[in-house]
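The values are calculated or read from the model by the stated rules, or taken from the named source; none is laboratory data. Just so it is clear, the model here is predicted, and its values are computed rather than measured. Cβ atoms come from the backbone with ideal geometry, glycine included; neighbour counts cover every protein chain shown. SASA here: full protein model, heavy atoms, side chains in, ligands and nucleic acids out. Shrake-Rupley method; radii C 1.70, N 1.55, O 1.52, S 1.80 Å.
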Amino acid sequence: MKKHSALKISLIAVVCGILLGFIVVAITGRSPYHMFVALLRSMTGFNLMKPQQGVNVTFILNWFLEAMPIILTGLSVGFAYRTGLFNIGAEGQLMMGSLAAAIVALSVDLPTIPHLILCVLAAMLAGALWALVPGILKAYRNVNEVVICIMMNYTGMYFANLITRTFLEIDVNTNARTVAFPASATFSKVFPSIPSSFNWGFVVVAICVILYWFLIEKTTFGFGLRATGFNKESARFAGMKVEKNIVMSMGIAGAFAGAAGAIIVMGIFKYGRIFTMFDNYGFDGISVALVGAATAPGIVLSGFLFGLLKAANTNLQMFNIPKEISDLMQATIIYLVAIQYGIILLLDRWEKRKKKKEVLPVEGGASE
């Protein structure tokens with residue numbers, strides 16, 4: 001499948017998903033214009049209903065804040081996908097990253113910059129180690145990584161809660177979280193005067209995006225991983241260590257998910273969490289990776305799109321539009337992208353028939 005074809009299908013899916021949202025809003029008796037106003041305000045901070053208020057930057061920053069973790073989980077799923085694996089375990093890897101960041105934040109005393117770096121690196125290492133389990137089983141026992149990843153999501157949640165309650169200091173007022181992190185282990189707000197939690201964790205996101213692009217597109221190591229994903233036996237015949245590549249692919253994918261856990265716990269909550277359910281950032285990452293065609297620019301743009309739909313929920317509810325409309329648009333986009341191979345197959349057949357019809361008159365004229 002050509003890269004431009006995947007991009008074309010993703011754009012079609014996005015347009016169709018948003019249009020369906022407008023149609024459903026109209027059918028239920030609500031105003032599509034209000035929905036447009038809500039989406040525009042979430043993206044630009046400008047309220048069409050009250051233009052005299054100007055631009056409210058808080059909405060833009062909240063949009064970016066929503067996009068940050070799902071871009072990282074999108075990188076996690078996308079990296080594995082580009083190397084022939086399906087990492088559905090980003091949720092568990094994210095929780096292990098959150099746990100590792102909390103442990104380092106509460107048990108190590110360092111100046112701000114070294115403390116932040118150590119927390120993020122610990123989170124990435126924890127996510128990578130957690131992802132190595134399905135990677136090793138896939139590489140050496142040919143166990144389906146999807147099944148193992150699903151089980152390890154639940155294992156990760158309960159294991160993180162066990163370690164948190166056993167070894168970390170719990171806040172006695174809530175009994176549902178740790179005590180607050182020291183200031184040296186938290187990402188401060190980029191704009192302290194603006195009521196948004198958008199923080200310096202975006203630097204981690206930017207570094208990870210560049211690292212993803214460089215590893216996949218510009219290194220022989222990345223080429224070897226992609227070659228393994230395309231055809232394991234051909235890669236083995238070319239002298240590549242297939243089993244090692246599979247394990248490394250899952251490890252790197254887990255590291256990106258672990259980084260997502262770090263920026264969430266250090267930038268938004270600023271305390272260690274006791275999980276009662278999944279946040280679904282890992283599962284959102286699957287959607288982001290598929291819509292973004294598993295490329296670095298595509299994942300970033302897709303992450304911003306899904307972040308916008310999440311950030312728009314509050315504005316939608318202000319106009320009595322259920323937040324489920326946002327979920328409907330996301331689901332539609334995912335479904336259309338999921339069947340993109342069938343759509344591309346139909347488009348290819350249509351193009352072949354069109355070319356065949358164009359060639360036949362030319363051949364007939366030449367014979368005469």
### Query
Filtering the range 169-184 down to residues that are open to solvent by 70 Å² or more (accessible area, probe 1.4 Å) and of a type in the set (A, V, I, L, M, F, W, C), which residue is modelled with the highest pLDDT?
Ala183
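Would you pick out the residues in the range 150-172 that are of a type in the set (Val, Ile, Thr) and either over 15 Å from Ala126 (Cα atoms) or in contact with a His (Cβ under 8 Å, 6 or more places away or on another chain) (or both)? It would help to see each step written out before you state the result.
Kept after step one, since they are of a type in the set (Val, Ile, Thr), are these residues of the range 150-172: 150, 155, 163-164, 166, 170, 172.
The answer is Ile150, Thr166, Ile170, Val172.
Just give me the residues in the range 37-66 being of a type in the set (D, E, K, R), at pLDDT below 95 and surrounded by 18 or more Cβ atoms within 10 Å (Cβ to Cβ), in sequence order.
Arg41
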## Note on the structure
Picking from Glu91, Glu66, the residue that is charged (D, E, K, R), in contact with a Phe, Trp or Tyr (Cβ under 9 Å, 6 or more places away or on another chain) and under 27 Å from Gly229 (Cα atoms) would be Glu91
### Task
Would you confirm whether any residue within the range 7-25 is among the hydroxyl-bearing types (Ser, Thr, Tyr), closer than 30 Å to Arg165 by Cβ and open to solvent by less than 40 Å² (accessible area, probe 1.4 Å)?
no
### Message
Are there helices (runs of 4 or more DSSP H) fully within the range 200-309 with at least 2 residues that are touching a residue at least 60 places away in the same chain (Cβ under 8 Å) and under 25 Å from Met43 (Cβ atoms)? List them.
### Response
202-218, 242-264, 281-291
